[in-house]
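Comments concern the structure below.
Every read-out reported here was derived from the displayed coordinates using simple, explicitly stated rules and does not represent laboratory data. The structure displayed is predicted, hence computed values, not measured ones. FYI the Cβ positions are ideal-geometry reconstructions off the backbone, even for glycines, and counts take in every protein chain you see.
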């Protein structure tokens, strides 16, 4: 899952449990929808991407740089306390919001399209609750 700075989900990919996180970085960044805003070409990509040690890869850093995005990816084999945990909790909170949906906590569906649909519904509910709370 990739979220914005407030925890609103932007894109999600469904993979097997044994897939490494770094294999999904390109798919997630490319799946971010265009954002409407000011006149002109819609914004397609964020300014900065933050990730934990699982995303540490020089080819991915170079790819993000070629897209014009700064990358704050934690490096492997370094001490903890890089400061990314201060920002990483936003994604973890959004994942916990997804797991509040009982059907998503443990996957019982054999078909991935059904599970993907329920994930999309849960993402819509998260966005709805965020909008509801911000308008009040």
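Mind ranking 20-30, 66-76 by how tightly packed they are, going by the mean number of other C-beta atoms within 10 angstrom, highest first?
Values: 20-30: 15.1, 66-76: 13.5.
For the peptides 20-30, 66-76, the packing ranking is 20-30, 66-76.
Nearest 500 deg cm²/dmol is fine: what mean residue ellipticity at 222 nm does the chain get from its DSSP H runs of n ≥ 4 alone, each adding -39,500 (n - 2.57), divided by its residue count?
-13000 deg cm²/dmol
With the contact rule set at Cα under 8 Å and sequence spacing of 6 or more, what percent relative contact order holds for the stretch 1-66?
Result for the stretch 1-66 is 25 percent.
Along Cα→Cβ, 7 Å out, is where each label goes; now give me the distance between the ones at residue 90 and residue 32 in nm to one decimal.
Placing both labels 7 Å beyond Cα along the Cβ direction yields 1.1 nm.
Over the chain, what is the relative contact order in whole percent, taking alpha-carbon pairs under 8 Å and six or more residues apart? Don't skip to the end; give the middle numbers.
On the way: 131 pairs, mean separation 29.8, N = 136.
Dividing the mean separation by the residue count of the chain yields 22 percent.
Quick check: residue separation of residue 118 and residue 134 times 0.36 nm, minus the Cα distance between them. What number comes out in nm?
3.3 nm
Take the alpha carbon atoms of the stretch 2-40, find their center, do the same for the stretch 92-109, and report the distance between the two centers in whole angstrom.
Cα centres, the stretch 2-40 to the stretch 92-109: 17 Å.
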